[in-house]
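The values are calculated or read from the model by the stated rules, or taken from the named source; none is laboratory data. This structure is a prediction, so every number in the text was calculated from the model and none was measured. Every residue, glycine as well, gets a Cβ built from its backbone with ideal geometry; the counts of neighbours run over all protein chains shown. We work out accessible area using only protein heavy atoms, side chains counted, and drop any ligands, DNA or RNA first. Shrake-Rupley method; radii C 1.70, N 1.55, O 1.52, S 1.80 Å.
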Amino acid sequence: MFSWVKQEQGGRNKDGEMYQTVTEGLQSLYLKKLLPLEETYLFHDFHSPALEAADFQSKPMVLLVGQYSTGKTTFIRYLLEQDFPGMRIGPEPTTDGFIAVMYGENEGIIPGNALVVDPKKPFRKLNAFGNSFLNRFLCTHVTNSVLDSNSVLDDPQLYSERMNFLSAGYDFAEVLRWFGERVDRIILLFDAHKLDISDEFSEAIRAFKGQDDKIRVVLNKADQVDTQQLMRVYGALMWSLGKVINTPEVVRVYLGSFWGKPLQNSENRRLFEAESQDLFKDIQSLPRNAALRKLNDLIKRARLAKVHAYIISYLKKEMPSLFGREKKKEELISRLPEIYCILQREHHISPGDFPNVTKMQDMLQHYDFNKFPSLKIKLVESVDKMLATKIASLMSMIREEESKAPPAMVSGGAFEGSQEGPFGQGYGEGISAGADAEDWIVSREKHRYDEIFYMLMPINGKITGVNAKKEMMNSRLPNTVLGKIWKLADCDRDGMLDDEEFALAQHLIKVKLEGYELPGELPEHLVPPAHRKNPTDADENNTLYNHSED
């Protein structure tokens, strides 16, 4: 069953504690430290199946969840910039099952029953959900460079209150919970015209409880409303999400129109471009953070396994040896919330580490408490030691791997060239304006800046910092920002500004007031002509405006 661990022998020292990769270390720690605790206390029956090699070695996966006509399949098509087998797009409900879109040299479709027996795919444990689910689950292989770094999972479209849950023939919420524990990012899609969250969609979102750090929200088709309506739509969406996602942190919402057609309302074009680039960056970061995510999930699993062991062993300890077993069992199940509090105080456990009490009570009805094992301190201590020392060494290995190897990035599809060329975000705007111009961009407004400059009574062609400060303070920018502008503009670091440096300072103030960020270093195209290293550059640019001091 766990033959993959026999291949771990390379790369370790005599103590067996060093590994060649973080993934190899996670596999070994799980097998030696955590799996014995899980098997002893029936963790796999109550919470989650045992992990396999594919769970550690698989590529990052993005799960898309949304009601019908929110554009989930179109969103995948937008990222890949190509069709894929099994794709159906339309205003009516089109996706009636789970579709895993993965990289493959030979494009085609693999049905669910064949998929769950493939040891190279991380779906083997889905076999427990039966044929009703497997008949609605398939994998489509696509030769696309985007999928070379990430896989995408599209879920059935939710289109009525409880219709899917009642007619699916399998536990839809449990399937979502299974995927939520294993994917790297969960994206909830909403339509700007359909913000209502049905009971079914609410239950689907609640299935991701404990995975809140993975959840992102996309408000799609935002170009179909104007700015005023978009503000109202955004506020209504946040209010609706607040009732379903019960976390103190505000979930990240991306606005935009994620398809390849022209914007219906282009007044928010700059906002949509910035939002799409932020979403792309988030998805591109998944391969780089995959090892860290798996490490984090293993820690969460270990904490839950420890708590589960305390619960099972406590129930075993409280059971009578001969008479009144059934009555005592019912009493313990009804007292489970109180038992949680007892264990919380006794073992100093956070309340958030305990499993759902109602679900636990329902599952305990089917077990004989007298057959539960007693608490084995060595197993718990082994997990504690893993969390205290072994995990820390893997954390350092993650940093070492990141420093030695270039970070993996998603490329191809919509990600190709999204930051390069004239259509990259911010190209020709703000601080980059004038980068490809022949003249010095500041010269276009220099006649205005010169009027202010000579009113400040320059001495030997320069104004002092005191005089410059009085004028720069009129912008009402914070001193920290004005100080950065001064450092960028004072090219010769003499504590004074000549007419070009003063014009540059005014240009940077204008850029900041327009909402753009300032650079850490002054770009070459903004360096004043008189302060450039090549004197011919200054001579050429001086012909573009009058540089004399009258």
- Just checking, how many residues over region 249-262 are open to solvent by 90 Å² or more (accessible area, probe 1.4 Å) and under 18 Å from the mean Cα position of the chain (by Cα)? 2
- Assuming Glu401 fulfils every condition listed in (1) among the acidic types (Asp, Glu); (2) at pLDDT 90 or above; (3) surrounded by 11 or more Cβ atoms within 10 Å (Cβ to Cβ) apart from one, which condition is it? (2)
- Item | Qualifying residues in region 134-146 (those that are assigned to a helix (DSSP H, G or I) and modelled with pLDDT under 90) - the one surrounded by the most Cβ atoms within 10 Å (Cβ to Cβ) | Val146
- Note on region 304-336: residues farther than 23 Å from Leu37 by Cα and either open to solvent by 40 Å² or more (accessible area, probe 1.4 Å) or touching a Pro at 6+ places or on another chain (Cβ under 9 Å) (or both) are Ser321, Leu322, Phe323, Gly324, Arg325, Glu326, Lys327, Lys328, Glu330, Glu331, Ser334, Arg335
- Subset tally (residues that are aliphatic (A, V, I, L, M), buried (at least 16 other Cβ atoms within 10 Å of the Cβ) and either under 22 Å from Arg399 (Cα atoms) or free of Cβ contacts under 8 Å to residues at least 40 places away in the same chain (or both)) for region 263-291: 4
- Message: Of everything in region 4-61, what is at pLDDT below 90, of a type in the set (Asp, Glu) and farther than 16 Å from Phe123 by Cβ? Give them in sequence order.
- Response: Glu8, Asp15, Glu17, Glu24
- Which pairs have Cβ atoms under 8 Å, sit 6 or more apart or on different chains, and link a residue in region 462-476 that is more than 14 Å from Ile509 (Cβ to Cβ) and charged (D, E, K, R) to one that is open to solvent by 40 Å² or more (accessible area, probe 1.4 Å) and not in a helix (DSSP H, G or I)? Lys462/Asp494; Lys462/Met496
- Query: Can you name every residue in region 454-505 that is polar (S, T, N, Q) and at positive phi?
  - Reply: Asn460
- Query: Does Arg185 qualify as being at pLDDT 90 or above and within 18 Å of the chain's Cα centre (by Cα)?
  - Reply: yes
- Query: Of the residues Leu42, Leu64, Leu34, Leu80, which is within 30 Å of Lys306 (Cα to Cα) and either in contact with a strand residue (DSSP E or B) (Cβ under 8 Å, 6 or more places away or on another chain) or surrounded by 21 or more Cβ atoms within 10 Å (Cβ to Cβ) (or both)?
  - Reply: Leu34
- Which residues, taken from region 189-246, are of a type in the set (D, E, K, R), part of a helix (DSSP H, G or I) and open to solvent by 50 Å² or more (accessible area, probe 1.4 Å)? Asp199, Glu203, Arg206, Asp212, Asp213, Arg232, Lys243
